[in-house]
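Q: I have a structure here, written as structure tokens, and I will follow up with some questions on it.
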Amino acid sequence: MLPVLHVVQDTLGHLPPAAMLQVAEKLSVAPTAVAEVATFYSMLRLQPCGRYQIDVCTNVSCSLCGAEQILEHLEKKLGVSVGETSADGKFTLREVECLASCGTGPALQVNEDFHERLTPQKLDALIESLK
Ligand code: FES
């Protein structure tokens with residue numbers, strides 16, 4: 001199911017309810033089974049998002065390393081709150097659970113790319129490289 005959901009997401013940009021129903025039909029599973037998978041994995045998007053989805057880990061290890069300051073810095077820099085997309089449609093900022101980079105936090109993920117040991121200076125350089 002995961003590869004199918006990724007193909008749908010890559011094609012449509014996210015997983016709208018109608019597409020998840022079609023996946024359930026094609027795979028002969030209950031629609032709730034698709035919904036359970038789609039809502040479990042943070043890399044699957046249920047809502048439209050910007051070109052770059054920035055997922056900031058705020059779980060325990062990253063929080064101890066300053067994840068909240070990283071998140072605040074991004075909110076100011078991008079002019080959005082968590083869950084919002086920038087006015088130019090480029091950046092969607094989200095708060096997520098562990099990204100499996102606990103020893104090198106604070107960590108975030110931009111689409112498929114991981115960034116670790118973040119500082120405000122590293123964030124500024126990262127955002128500039130994406131503009
Ligand atoms: S706690 Fe942040 S990556 Fe695990």
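A short reminder: the numbers here are calculations on the coordinates, not readings from a lab. Here the structure is a predicted model, which means the values were calculated and not measured. Cβ sites come from the backbone with ideal geometry, for glycine too, and all protein chains shown count toward neighbours.
Q: Below 8 Å, C-alpha to C-alpha, sequence gap of six or more: please give me the relative contact order for the chain in percent.
A: About 22 percent, as a whole number.
Q: How far is the Cα center of the range 78-110 from the Cα center of the range 1-38, in Å?
A: Their Cα centres are 24 Å away from one another.
Q: I would also like to ask the following. Just the isolated ones, please: cysteines in the chain lacking another cysteine beta carbon under 4.7 angstrom.
A: Cys49, Cys65, Cys98, Cys102
Q: If you take every DSSP beta bridge whose two residues both sit in the chain, what share of them, in percent to the nearest 5, is antiparallel? Intermediate results must be reported in sequence, preceding the final value.
A: Details: 7 of 13 bridges.
If I count the DSSP bridges inside the chain, around 55 percent turn out antiparallel.
Q: Which FRET efficiency value, to the nearest 0.05, is calculated for Thr32 and Val82 with the Förster distance at 22 angstrom and r the Cβ-Cβ distance?
A: Rounded to the nearest 0.05, the efficiency is 0.20.
Q: Rounded to the nearest 10 degrees, what's the angle between the helix 67-78 long axis and the longest principal axis of the chain, both from Cα atoms, 0 to 90?
A: The angle comes out at about 90 degrees.
Q: Can you spot the lysines whose alpha carbon is less than 26 Å from Lys77's alpha carbon? Ignore those fewer than 8 places along the same chain.
A: Lys90, Lys122, Lys131
Q: Rounded if a/c is under 1.5, else prolate if a/b is larger than b/c, else oblate: which is the range 16-97, with a ≥ b ≥ c the root eigenvalues of its Cα gyration tensor?
A: Note, shape of the range 16-97 comes out oblate.
Q: For the range 52-130, what size does the Cα cloud have along each of its three principal axes, sorted from largest down, in whole Å?
A: Result for the range 52-130: principal-axis Cα extents of 34, 22, 22 Å.
Q: Also, I was wondering about something else. Which of the chymotrypsin sites (Phe, Trp or Tyr not before Pro) found in the range 1-91 are loop residues per DSSP with 14 or fewer other Cβ atoms within 10 Å of their Cβ?
A: Taking the range 1-91 and a limit of 14 other Cβ atoms within 10 Å, the loop chymotrypsin sites (Phe, Trp or Tyr not before Pro) found are Tyr41.
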